[in-house]
1. In square nanometres, what is one fourth of the surface area of the convex hull spanned by the alpha carbons of the chain?
2. For the range 2-67, treating each Cα as an identical point scatterer without solvent, what Debye log10 I(q)/I(0) comes out at q = 0.14, 0.20, 0.23 1/Å?
3. Work out the length of the dipole vector of the range 89-152 about its Cα centre, built from +1 on the beta-carbon of each Lys and Arg and -1 on the beta-carbon of each Asp and Glu, and round it to the nearest 20 debye.
4. The range 89-152: D in µm²/s via Stokes-Einstein (Kirkwood Rh, Cα pairs, 25 °C, 0.890 mPa s)?
5. When you have a sec, figure out the Kirkwood radius of the range 80-214 from all distinct Cα pair distances and drop it here in Å to one decimal?
6. Along each principal axis of its Cα atoms, how long is the range 144-278 end to end? Whole angstroms, biggest number first, please.
7. Under 16 Å between alpha carbons, and skipping anything fewer than 8 positions from Lys218 in its own chain: which lysines qualify?
8. Only loop residues by DSSP count here, and only those with at most 10 other Cβ atoms within 10 Å; note down the trypsin sites (Lys or Arg not before Pro) in the range 45-86 that meet that.
Amino acid sequence: MIFTIYGDYIRHYGNKIWIGSLIHLMKEFGHNEQSVRVAVSRIMKQGWLESEKVGNKSYYFLTPRGEARIEEAAIRIFALNPKKWDGKWRMLMYTIPEEKRRIRDELRKELIWSGFGSIANGCWISPNNLEKEVHLLIKNYDIQAHVDFFVAEYQGPEKNRTLVEKGWPLQEIAEKHQQFISTYSKKFMEHQSMMDKNLMSDAECFVARTMLVHEYRKFLFFDPGLPKELLPEVWSGNDAAKLFEKYYRLLAQSASRFFEHVFREDNDIREKNEFFID
């Protein structure tokens, strides 16, 4: 949830927030001060956040690694339409020795996060342009001697969609999108009716929008964001994205107003930059 708040709000206001304001925001979701401080400490140990003291106040901001991850996530979350495919596959093959198992396990998680699918042991593919991300992973994990990376065209004997079937459980992904639609279409209609009657406070809109983004961002861990040429003709992910966009727009202004109210009390806003879907 803290990552969601940084990604959807704080990063547009200088990436830095006073711990007291963060605690205030997290209390809206039922989290107490101690749990927030413990979570922030854990996130710092993982290398996503740094802190600084100004007077007697502690401020927390994203590390360069944290900023890069948040930006990547935001691009993927708000990519509401499948991209056009250039017809090429990105293929990463590795043979990482057993004594580096931890690195191998972490690399596997990073590849899944970025949208790669596994078609064989130690062989991962993606139709998306992820050259930059792959070279950064190779550098960060210092595994140049254990990997090979290709950008290539598939020459058969099967069709490109056969690779998709090998690499990703499309049926399961579609079902998860359908579950999102089933749950959040009802919430959308309820909140739309309430807002039309001025029955939702800014704080309630903040909670609803944050929960919406928090839930939708989970797709990043199992939906690779395949180009339209490789997706089924009827794809529930398209409907889920449209619902997300409509629901987000409905809540955006009121939610941002609540965040700014809390943020402005204790933080110096250098530049106002509200985050709406273009």
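1. The directionally averaged projection comes out at 16.9 nm².
2. Scattering profile of the range 2-67, log10 relative to I(0): -0.36, -0.77, -1.03.
3. Working: 9 positive and 9 negative charges, 18 e Å.
In total the dipole reaches around 80 debye.
4. Taking Rh from Cα pairs, D becomes 211 µm²/s.
5. 18.1
6. 60, 39, 22
7. Cα-Cα hits under 16 Å: Lys109, Lys176.
8. Listed in order of number, the matching sites are Lys84.
Where a number appears in this text, it was derived from the coordinates with a stated rule and is not lab data. Everything numeric in this text was worked out from a predicted model, so none of it was measured. Glycine gets a Cβ as well: all are built from the backbone with ideal geometry, and neighbour counts include every protein chain shown.
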